[in-house]
Amino acid sequence: MHGRIKVRTTEEQNLQKHKEQQKKLTAYRMGMKQILATRDADSYNKDSLALSAQLLTINPDIYTLWNYRKEVVLIEIKKSYQDEVADDQKLIHFFEEELRLTEQCLLSNPKSYGSWHHRYWILNHHTKPNWQREFDLCNKYVSLDDRNFHCWDFRRLIVNKIGISLADEIAFSTERININFSNYSSWHYRSTLQILNDENSVANDLILVQNAVFTDPIDTSAWFYLRWVLSHPGITKIQKEDLLNALEQLQELEPECKWIIMAKCWLVKQGNLEKDAICRLKRYYTELIKLDPLREGHYKDCFKVF
């Protein structure tokens with residue numbers, strides 16, 4: 001038996017894990033106690049500031065610590081203005097250190113609300129913000145995870161800071177969607193950009209979203225965007241009829257896909273609700289109840305309004 005590595009039992013592993021968690025919890029409580037004890041409106045303790053950075057790199061979702069650091073930043077800004085050197089290198093260095101901290105936190109949790117919010121807050125107070133660097137950072141994080149909605153929101157906030165045109169951003173969203181149709185964040189971002197104010201933009205988006213739903217009818221992201229496009233008054237009767245015919249063909253290939261029938265309901269409800277249209281809706285909702293019985297009550301409520 002000598003020389004063989006002992007494998008801990010599950011009970012021993014759980015006990016070891018519990019001890020480690022208790023150790024971290026004790027350190028966290030002691031750290032928070034020290035930071036809160038030295039919290040002041042007019043000054044700050046450098047050791048507490050360093051300790052808050054350590055705690056945030058471990059858990060970047062402690063909002064109290066981000067708020068504490070904002071208070072410290074405001075103290076530094078006030079001190080700088082009092083010295084009449086608001087754009088001095090010392091203050092810029094302080095801002096850059098905050099940005100580096102948020103990058104560290106984003107490496108451990110790329111979807112940390114607090115980290116993204118603090119980064120944008122710092123940039124808005126920065127005396128010389130590098131918006132191009134932020135834009136490049138967005139491209140990096142989107143390439144790593146194109147469904148990181150925090151990064152998409154951050155991009156939306158900074159895109160006007162560096163003069164990116166609407167056409168360029170729409171082209172970027174098209175590129176990301178073509179890479180991955182199943183991308184709620186990219187579709188949503190496109191809806192915040194896309195004005196659909198002319199016939200070409202409506203037609204182009206209908207083609208894009210129709211390609212997506214035909215590629216993967218089960219994926220829901222494109223269907224939600226389709227519903228948004230269909231809500232636009234610029235869609236013509238011919239475009240709606242063409243789409244309805246295309247959906248009929250798709251249903252023959254995918255008879256179990258409820259989203260196709262729901263899209264047909266959206267289209268029919270936008271026309272004149274005469275007797276024929278109401279009969280078609282009743283038939284569609286009956287099909288939906290069969291395919292999706294768990295939402296029977298919802299489909300019945302949808303039809304009651306007619």
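Meeting the requirement of 2 or more residues that are under 30 Å from residue 129 (Cα atoms) and charged (D, E, K, R), the helices (runs of 4 or more DSSP H) wholly within the stretch 141-216 are 149-158, 166-179.
Is it fair to say residue 29 is within 33 Å of the chain's Cα centre (by Cα), among the basic types (Lys, Arg) and either at pLDDT 90 or above or open to solvent by less than 40 Å² (accessible area, probe 1.4 Å) (or both)? In short, no. Taking the criterion of being surrounded by 11 or more Cβ atoms within 10 Å (Cβ to Cβ), assigned to a helix (DSSP H, G or I) and not charged (D, E, K, R), the residues of the stretch 280-306 that qualify are 281, 284, 285, 286, 288, 289, 291, 298, 299, 302, 303.
Screening the stretch 39-50 for residues that are closer than 14 Å to residue 67 by Cα and of a type outside the set (Lys, Arg) and picking the one that is surrounded by the fewest Cβ atoms within 10 Å (Cβ to Cβ) gives 41. Residue pairs whose Cβ atoms lie under 7 Å apart, separated by 6 or more positions or on different chains, with the first residue in the stretch 119-132 and farther than 19 Å from residue 78 by Cα and the second outside any helix (DSSP H, G or I) and of a type in the set (Phe, Trp, Tyr), do not occur. Within the stretch 64-83, being among the aromatic types (Phe, Trp, Tyr) and open to solvent by 20 Å² or more (accessible area, probe 1.4 Å) holds for one residue alone: 81. Go through the stretch 196-247 and count every residue that is under 19 Å from residue 270 (Cα atoms) and open to solvent by less than 70 Å² (accessible area, probe 1.4 Å). Selection size over the stretch 196-247: 22. When residue 52 is tested against (1) touching a Ser or Thr at 6+ places or on another chain (Cβ under 6 Å); (2) in a helix (DSSP H, G or I), only condition (1) is not met. Taken residue by residue, the stretch 84-104 has no member that is surrounded by 15 or more Cβ atoms within 10 Å (Cβ to Cβ), touching a Leu at 6+ places or on another chain (Cβ under 6 Å) and in contact (Cβ under 8 Å) with a residue 12 or more places away in the chain. Considered as a group, the residues in the stretch 262-278 that are part of a helix (DSSP H, G or I) and open to solvent by 30 Å² or more (accessible area, probe 1.4 Å) include one that is farthest from residue 219 (Cα to Cα), and that residue is 275. Residue check: residue 256 meets all listed conditions (1) surrounded by fewer than 17 Cβ atoms within 10 Å (Cβ to Cβ); (2) in a helix (DSSP H, G or I) but one, namely (2). The residue of the stretch 217-238 that is modelled with the highest pLDDT, among those that are of a type in the set (A, V, I, L, M, F, W, C) and assigned to a loop (DSSP other than H, G, I, E, B), is 218.
The values are calculated or read from the model by the stated rules, or taken from the named source; none is laboratory data. Predicted model only: the values in this text are computed from it and were never measured. Glycine also receives a Cβ, built like all others from the backbone with ideal geometry; neighbour counts cover every protein chain displayed. Note: accessible area is taken over every heavy atom of the protein model, side chains too, but ligands, DNA and RNA are not part of it. Shrake-Rupley method; radii C 1.70, N 1.55, O 1.52, S 1.80 Å.
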